[in-house]
Amino acid sequence: AVLAFAGGLVGIAAAAWGVAALRAFAPADLPRLGEIGVNGTVLMFTAVVSVLAAILFGLAPALRSSQTRFLDSLKEAGRGMQHSRKRLSSALVVGQIAVSLGLLVGGGLLVESFWRMIHVNPGFQPQNVITATLELPNQIYGTPAKVGAFMQQFENRASALPGVQAVGAVSELPLSGGYGDTVFHIPGHVYAPSEFEDAEYRQTTPGYFEAMRVPLLAGRSIQWTDTANAPLVIVVDEAFAKQYFPHENPIGKQLNFLGPPSGTTFTRAVTIVGLVGDVSHDALDAPQRPEMYVPAAQSSAPEMNIVVRTSLPPGSTATELQSVLASLDKNEALSTVRTMQDVIASSVSQPRFSTLLIGIFAILALGLAVIGLYGVISYSVSQRTNEIGIRMALGATPRDVLQMVLGGGIKLALLGTAIGIALSLSLGRFFQSLLFQVRATDAATLAAVSTLLLIVALAACYIPARRAMKVDPMIALRHE
């Protein structure tokens with residue numbers, strides 16, 4: 001009870017510190033982040049569990065000891081641990097090792113999955129690119145022509161700033177989760193009355209693809225001549241071309257959008273003039289979806305995201321961009337200034353946090369398993385001191401004693417590892433949905449984690465084994 005109470009106090013302190021640390025590492029968009037804390041109900045539950053654990057693991061051996069007769073206890077004094085007691089403690093250690101291996105495998109898979117995800121090619125080059133949000137009031141810039149004219153002036157002036165290599169704008173940034181959606185018909189295809197195709201779309205300016213270094217694969221990019229009075233055009237990505245024009249060149253193909261006068265028939269013709277590479281818009285691990293890019297001067301958006309590729313520090317460039325904007329409209333201001341690398345980091349904040357959490361739990365489980373294994377082997381050595389002394393008196397070398405003690409610990413570790421691997425393989429299908437480009441049964445991860453666990457277990461057994469090597473036979477024989 002005293003040990004459980006002391007452990008509970010340490011646990012409460014660790015919980016308070018741990019929750020504060022996790023809140024600091026948690027993504028900003030985590031729901032109800034400000035309300036996360038040490039909950040009274042949960043704290044009471046864990047306190048009750050601690051008390052029950054103290055009663056269970058303290059009362060059982062106490063009752064067994066109180067029922068042992070005096071002469072029987074003397075007979076058992078030199079024989080080491082009773083077999084039943086040894087089997088129980090060994091089973092607990094094996095269970096700890098199995099559970100810790102399962103958590104370590106899960107943590108290893110998530111780390112590998114996260115590593116693969118952050119190294120996915122997003123379809124653009126985020127280095128040296130800063131972004132800022134520009135809101136265009138509808139009462140002032142209510143038509144595509146006005147939006148296009150304003151953005152053209154802004155980009156022309158911003159392109160002349162020191163260090164600026166390219167300037168563009170888009171309605172929704174990649175990896176921001178935002179998008180527009182539109183429906184269309186492909187001429188020559190037969191559709192039912194309520195049937196149509198659909199794709200995501202974004203309004204862009206001519207400099208966007210250059211600023212983001214999105215590769216132009218065929219045709220041309222959006223131009224300033226693509227105004228509201230010019231023929232309607234779009235640029236599509238590879239996913240769009242593969243889905244709607246497989247084995248065909250999409251350049252020059254036409255789509256019919258909902259058009260006037262009623263807006264209920266697909267009569268407005270739009271021509272595909274360019275093909276660009278796929279860009280990750282929802283998430284790095286999300287499948288590519290058909291995407292089209294519309295000239296901002298032909299379809300305006302109330303909010304545009306400026307993207308600037310620069311060779312200068314982001315802070316100085318942002319200040320210069322604000323000055324350019326003020327020279328065009330003193331009532332306008334840039335907001336949410338950040339780099340594209342910050343945008344990418346924000347998009348992976350949730351999987352990073354999940355990986356961190358399960359990694360912490362895996363390390364804690366490994367620590368408990370190591371402590372349990374160390375405790376069992378140490379207790380076994382103390383109970384077998386007389387036996388070790390007899391063996392050494394009969395000619396056993398310290399190396400023989402070391403191998404004997406280590407062998408016992410390694411057998412427990414191997415058994416726990418085998419059970420843990422079987423557990424991980426059986427639960428793999430439930431874990432697969434959390435992984436990216438990694439199988440839940442990945443052999444390399446299982447081998448690496450198992451090797452790590454066995455090495456740590458070997459280190460935990462080595463300390464009591466070294467102590468057993470130094471047993472003096474004459475002193476040990478006195479234990480009889």
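Annotation note: of Ser50, Ser113, the sole residue that is within 30 Å of Leu454 (Cα to Cα), assigned to a helix (DSSP H, G or I) and modelled with pLDDT under 85 is Ser50.
For every residue, the table says whether it meets (1) crowded, with 23+ Cβ neighbours inside 10 Å; (2) farther than 20 Å from Thr227 by Cβ; (3) without any contact (Cβ under 8 Å) to a residue 60 or more places away in the chain; (4) not small (Gly, Ala, Ser).
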residue: Arg116; (1), (2), (3), (4): no, yes, no, yes
residue: Leu136; (1), (2), (3), (4): no, no, no, yes
residue: Lys146; (1), (2), (3), (4): no, no, no, yes
residue: Phe154; (1), (2), (3), (4): yes, no, no, yes
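Filtered by the rule that a residue be in a helix (DSSP H, G or I) and in contact with a Ser or Thr (Cβ under 7 Å, 6 or more places away or on another chain), segment 322-342 gives a lone residue, Met340. Taken as a whole, segment 218-238 holds at least one residue that is at pLDDT below 90 and small (Gly, Ala, Ser). Which ones in segment 208-236 are touching an Asp or Glu at 6+ places or on another chain (Cβ under 8 Å) and touching a residue at least 60 places away in the same chain (Cβ under 8 Å)? Within segment 208-236, Leu217, Val233 qualify. Could you list all residues from segment 177-190 that are without any contact (Cβ under 8 Å) to a residue 12 or more places away in the chain and either open to solvent by 40 Å² or more (accessible area, probe 1.4 Å) or β-branched (Val, Ile, Thr) (or both)? Gly188, His189, Val190 - these are the residues of segment 177-190 that are without any contact (Cβ under 8 Å) to a residue 12 or more places away in the chain and either open to solvent by 40 Å² or more (accessible area, probe 1.4 Å) or β-branched (Val, Ile, Thr) (or both). Among residues of segment 417-428 that are over 18 Å from Leu373 (Cβ atoms), those with a Cβ under 9 angstrom from a residue that is open to solvent by 60 Å² or more (accessible area, probe 1.4 Å) and among the charged types (D, E, K, R), sequence gap 6+ or separate chain, pair up as Gly428/Arg439.
Against the criterion of being open to solvent by less than 70 Å² (accessible area, probe 1.4 Å) and within 19 Å of Ala169 (Cα to Cα), Asn305 qualifies.
Across segment 191-216, the number of residues qualifying as crowded, with 17+ Cβ neighbours inside 10 Å and of a type in the set (A, V, I, L, M) comes to 4.
If you go through segment 158-169 and keep only what is buried (at least 17 other Cβ atoms within 10 Å of the Cβ) and under 12 Å from Leu321 (Cβ atoms), you end up with Ala158, Leu161, Val164, Val167, Ala169.
Test of understanding: among Val51, Val19, which residue is without any contact (Cβ under 8 Å) to a residue 60 or more places away in the chain and under 24 Å from Ser89 (Cβ atoms)? Steps first, please.
On the way: Val19 fails: under 24 Å from Ser89 (Cβ atoms).
The conditions single out Val51.
Looking at segment 343-397, which of the residues that are at negative phi, outside any helix (DSSP H, G or I) and surrounded by fewer than 18 Cβ atoms within 10 Å (Cβ to Cβ) is nearest to the chain's Cα centre (by Cα)? Within segment 343-397, the match that is nearest to the chain's Cα centre (by Cα) is Thr397.
On the basis of being open to solvent by less than 40 Å² (accessible area, probe 1.4 Å), more than 28 Å from Leu92 (Cβ to Cβ) and at pLDDT 85 or above, does Val438 make the cut?
Spelling it out, Val438 is indeed open to solvent by less than 40 Å² (accessible area, probe 1.4 Å), more than 28 Å from Leu92 (Cβ to Cβ) and at pLDDT 85 or above.
Here is the figure for segment 1-38: residues that are in a loop (DSSP other than H, G, I, E, B), farther than 17 Å from Leu52 by Cβ and not basic (Lys, Arg) total 9.
When we screen Pro122, Pro174 for residues that are surrounded by fewer than 22 Cβ atoms within 10 Å (Cβ to Cβ), part of a loop (DSSP other than H, G, I, E, B) and touching a residue at least 40 places away in the same chain (Cβ under 8 Å), the only hit is Pro122.
In this structure, does Ser65 turn out to be of a type in the set (Ser, Thr, Tyr), open to solvent by less than 60 Å² (accessible area, probe 1.4 Å), modelled with pLDDT under 80 and in a helix (DSSP H, G or I)? It is false that Ser65 is of a type in the set (Ser, Thr, Tyr), open to solvent by less than 60 Å² (accessible area, probe 1.4 Å), modelled with pLDDT under 80 and in a helix (DSSP H, G or I). There is no residue in segment 315-335 that is polar (S, T, N, Q), surrounded by 15 or more Cβ atoms within 10 Å (Cβ to Cβ) and more than 26 Å from Pro126 (Cβ to Cβ).
Across segment 184-194, a minimum of one residue is classified as of a type in the set (Val, Ile, Thr), in contact with a Leu (Cβ under 9 Å, 6 or more places away or on another chain) and part of a loop (DSSP other than H, G, I, E, B).
The values are calculated or read from the model by the stated rules, or taken from the named source; none is laboratory data. Quick caveat: nothing in here was measured; it's all calculated off a predicted structure. For neighbour counting, all protein chains shown are included, and Cβ atoms are generated from backbone atoms with ideal geometry for every residue, glycine included. We work out accessible area using only protein heavy atoms, side chains counted, and drop any ligands, DNA or RNA first. Shrake-Rupley method; radii C 1.70, N 1.55, O 1.52, S 1.80 Å.
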